[in-house]
Amino acid sequence: MHQHSKYIQKELEKDSSKKNVILVGNPNVGKSVVFGRLTGHYAEVSNYPGTTVEVSIGSLRIGTQRFRVIDSPGIGSLVPLSEDEAITRRILNTSNIHAVVQVADSKNLRRSLHLTLQLIQMGFPLILVLNMADEAHSRGIRIDIRKLENKLGIPIISTIATVNKGISELRSHVGRGGIRSGAIRIVYPDEIETALIRIEKLIEDNTPFSSRAGALFLLRGDIETHQWIEENLDPQVIEKIDEIVISIQQSIGQSIDQIITRRNNLLIRDLVKGCFSQKPVKEHRISEIISDATMRPLTGIPIFLGTLVVIFIFVGVFGAIYLVELLESYLFGEIIVPWMTDVVESLIPNAIIQEILVGEYGIFSVGIPYAFAIVLPIITTFFLLFAILEDSGYLPRLAMMADRSFKHIGLNGKAVLPIILGTGCATMATITTRVLETKRDRTIVTFILALGIPCSAQLGVILGILTAVSPLGLFIFLTTVTSQVILVAWMTAKLLPGEKSSFILEIPPMRIPKIENVILKTISRVEWFLKEAIPLFMIGTLMVSLASLIQISPEIAIQTSVENHEGTNILELLGNFMEIIVVHGLGLPKDASISFILGFLRRDYGVVFLRDQAVTAQQMVVGTVVLTLFVPCIANFLVIIKERGMKTAAAITGFIIPFAFLVGTVLNHLLNLIMPLLSQWGLHL
Amino acid sequence: MIIQCSLCSWEFSTEEGEVCASCPMAGSCNMIRCPNCGYEFPDPSKGLSGWFRAKLEQHRRKKEKKKEVHQNGTQS
C-alpha cells in the first residue's frame, strides 16, 4: 500500500507546475463522460500498480492555465472498504489540488450528498456537478440549485455530460478553482465530539486533509488514515489515539460508523428540504409496464421461463438440429471432409501426418467440423438471441430478479454481480470479484464461479445439444446445476455472515432492440469466438490425435505408429485409468474420459466431444452436468492462479474435481432408479 | 467514442474499457469491459463489427450530404 502511494505521488508530481483537478463520485454517475468532455478523451489510462484499478489522467487547458485532470475510480464512501475506494483516497492525498469535482447523479441526490459531506469535512476545494439532469427531469425531479449552493457553500453545476450541456460552465468554475465550504459543520453526540477534539489535538496537521476529518476517519477505524499517522507521528501519540478510539467504542457500545451515518442522514434530510422535489410521473408507458413485470417474481419468473422456451426453440431446434444437420451431415460430411481427405491422401504420403489431419481424430475430419459445423451454428443462434435480450434492456432486470432470489438465501448483495457476469464469461467474472471487499469474499465467489456457473458459450452449446437430444434431459441438467449453485450460494451465506451489502444497478429503459446493434453485436461475438476458441479446438484435436497415435508397448517403450496396435495408446491408457469413475460411476463409455480433458481446454469443446461419445440421452445429461461442475476452462484457471494465487487455485481444483464426479455418479445412479418409474408415466429421456 | 454498458447503463469512453491484463485471451479479444460493473460486451470500435459500423456511418454521412446538396439545389 505504501508503495502505491509513492507511485501515484510520483506520477502526479511529474510536472509539479500543473495544478490537479480530481474527479470523484459514486459509481454510475457519468463521471467518466465528464472526464472525457473536460480532457477531450486524450487520456492516459493505466493500471494502478499491484491492482487492477485503472486511473485515467488527462490534461485541461483553460486560458493560460494548464491542469492535470485525474479520474478516480467510482466509490461509495471515502472510508475505504474496497480496493477502488482505497485508491480514490490515495489519489485525494495528492498535493497541489486546485479543485475536487464531485460528479453526482441528479436522480439520486441524497446518496450523492453523503460523499459531498465527507469531501467538505476533509476541507477540499470542492465543485459539485449534478449530472444526468435530463433523466432527473423526466422523472419529475426538480432541484433548486441556487438554494442548495447556499446551504452547502460550494458551487453547483447542473450538467448533461452526454450532450455536452453545462460543461462550459463547469470549465469556467474549474478555472476559478473549487471552494472550501465553511457553511457545514456536523455536530455529533457529546462523547464523539470530545473524542474528536482530543484526537484532533494529537494529530494536529499531520493528515493530508483537515484534522477533524482525520480524527473522524480514525474513529471510524479507517486503515488508510491509521497508516498515515503511523508514518508521521510518534509511537506514543499513536498509542494515545488508539486508546481514545478503543475507549469511545467501549463506552458507546454501538458502531460509531452507524452513529455518524445516521447524523449525516439527518443533515442531508435538512439540506434537501426546500431544494428538492419530485412530482409523481403519471404517464405509464407500455415499456414501463413491461419493465415492472420483468422484475416482479410473480410475472418475472413466467417471462424468464418464456424466454428460455424461445431460446430452446431457436437455439435447440433451429440451431442445434436444422443448421447442425445441414452443415455437419451435408456440407462437411458429404463435401468438405471427403474432399479434404482426398487432397491430404494424395499430397501427403506420410501415414502419421495423414492420421493427424484426416484420421479418426484428425484436425480436418474432427476438429474443423466440430468447430464450424456443430458449435458455430449453435453459438451464432445463441449470441443472436443474447444480443436481442441485451439490447432490449432485459439483462439488468434479470439481474435484479436474481438479486432478490439470492437475498432470500442470504447471499451478500455484491457477490451477485460476479455470479451473474459468470454466465457471460467466468474468466472475466473472476476478475470482477475484485469489487468484493474482503479477500475471503473474493475467494468464495471465485470458487462458486469455478464450480457451477457455465459460461455463455458452454451454456449455448449445452442448451442447443441437450434440447436436440432430450428436453427432459435439459430440465434435469438445469435442475441439478441450479441446485448446486443454490447449495454453494447458501454455503457462502453461512460462511459470510457479515452485513448484507446492496446490489446497486441503474436500470435502463426497456426498448425495442435495434436490428443494427443486434447484428453487429452478434458478428462481434462470433468473431471473438472464432479467434479465441478455434485455436484451442485445434490444439485439443491435435492432442487427442497424438494420444491415439502414441503407442505404449508392454515394456513401456514409447513409439509412434499407425499400424502397430500391439501396445496400448495413451487414450486407451487414460480410459483404463478412469474406468472406475467414468464407466462404473458415471455410466459413460470409456472414451468419454477424453471429454473431461478437452473440457479443461474449453468446456464447450468437451461437451461437443461428449456428444459423439455418449450413446444414450442419460449419458449426455450426466456428462454435461459433470463438465459444468468440473474444473473451469484453462483461461479461467490461469486467471484464478493470477488473482488468488497457486495455493487457492490448487485448493479450488482439488475440491471441484471429486465433487463434480461425485454429483455425476449420484445423478447417474438416481436416474437409473427413477427413469424406469418415469417411463411408466410416458416420460423418457 | 462514448458507449453505454448494456448491463448497468454506465457511460464510458472506449479508452476506459479495461484491457483485462490478467486475462490470457486479452490479446485476441475484441470485447470491452465496463469499468463500473465488469460486464463484458463487444467493443463497437473493434474488429469486424467496428469495420461494419464505420462503413455504415460512412454510408449514412454520404446519404445525408447528398440529401443536403439536393435540398440546397431545390431551394436555389
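The values are calculated or read from the model by the stated rules, or taken from the named source; none is laboratory data. None of these values were measured; they are calculated from a predicted model. For neighbour counting, all protein chains shown are included, and Cβ atoms are generated from backbone atoms with ideal geometry for every residue, glycine included. Quick note on the areas: whole protein, heavy atoms, side chains included, nothing else; ligands and nucleic acids left out. Shrake-Rupley method; radii C 1.70, N 1.55, O 1.52, S 1.80 Å.
Extension gain, A:I186 to A:E239, is 16.4 nm, computed as 0.36 nm per intervening residue step minus the present C-alpha separation.
Less than 5 angstrom separates the built amide H of A:I157 from those of A:L128, A:V129, A:L130, all sequence-distant by 5 or more or on a different chain. Local charge for A:A547 was computed over the other residues whose Cβ lies under 15 Å away, with Lys and Arg +1 and Asp and Glu -1, and equals -3. Measuring from a point 7 Å past the Cα of A:I486 along Cα-to-C-beta, which residues in segment A:665-680 have an amide N at less than 18 Å? Those under the cut-off are A:667. Residues of segment A:515-542 whose accessible area (probe 1.4 Å, heavy atoms of protein chains only) drops by at least 30 Å² once all protein chains are present, relative to their chain alone: A:E516, A:L520, A:K521, A:I523, A:S524, A:R525, A:E527, A:W528, A:K531, A:E532.
Taking the protein heavy atoms of segment A:113-215 in the context of the full set of protein chains, the accessible area attributed to carbon and sulfur is 48 percent at 1.4 Å. For segment A:222-265 and segment A:617-673, what is the centre-to-centre distance using only Cα atoms, to the nearest Å? If you average the Cα positions of each part, the centres end up 46 Å apart. Label separation (A:N96 vs B:W51): 4.6 nm, computed from points 7 Å beyond Cα along the C-beta direction. Which FRET efficiency, nearest 0.05, do A:F475 and A:A650 yield, Cβ-Cβ r, R0 22 Å? It comes to 0.05.
Between A:R66 and B:E64, the modelled label-to-label distance comes to 3.4 nm, taking each label 7 Å out from Cα in the direction of the beta carbon.
Shielding value for B:42-53 is 5, the average number of Cβ atoms from other chains within 10 Å of each residue's Cβ.
What is the extension gain from A:D292 to A:K642, computed as 0.36 nm multiplied by their sequence separation minus the C-alpha to C-alpha distance, in nm to one decimal? Walk me through the numbers before you get to the answer.
Numbers: separation 350, 0.36 × 350 = 126.00 nm, distance 4.07 nm.
Extending this stretch completely gives an extra 121.9 nm.
So if I take the centroid of the Cα atoms in segment A:507-550 and the same for segment A:286-347, what is the distance between those two points in Å? For segment A:507-550 versus segment A:286-347, the Cα centre distance is 13 Å.
Highest-first packing order for the peptide set A:657-666, A:631-640, A:290-299, A:361-370 is A:631-640, A:361-370, A:657-666, A:290-299, based on the mean count of other beta carbon atoms within 10 Å. The calculated FRET efficiency for A:L677 paired with A:F318, based on their beta-carbon distance and R0 = 35 Å, is about 0.60. Taking Lys and Arg as +1 and Asp and Glu as -1, the other residues whose beta-carbon sits under 15 Å from that of A:L610 total +1. Taking the accessible area of segment A:623-685, probe 1.4 Å, and keeping the other protein chains in place, the carbon and sulfur fraction comes to 75%. Distance between the C-alpha centres of segment A:168-213 and segment A:64-106: 16 Å, rounded to the whole angstrom.
Remark: accessible area buried at the A-B interface is about 3900 Å², both chains counted, probe radius 1.4 Å. Cross-link pairs exceeding 25 Å between alpha carbons, from the set A:K19/A:K107; A:K107/A:K273; A:K531/B:K46; A:K439/A:K642; A:K18/A:K151; A:K165/B:K67: A:K19/A:K107; A:K18/A:K151; A:K165/B:K67.
Per residue, segment A:115-231 exposes 43 Å² of solvent-accessible protein surface, assessed with a 1.4 angstrom probe and all protein chains in place.
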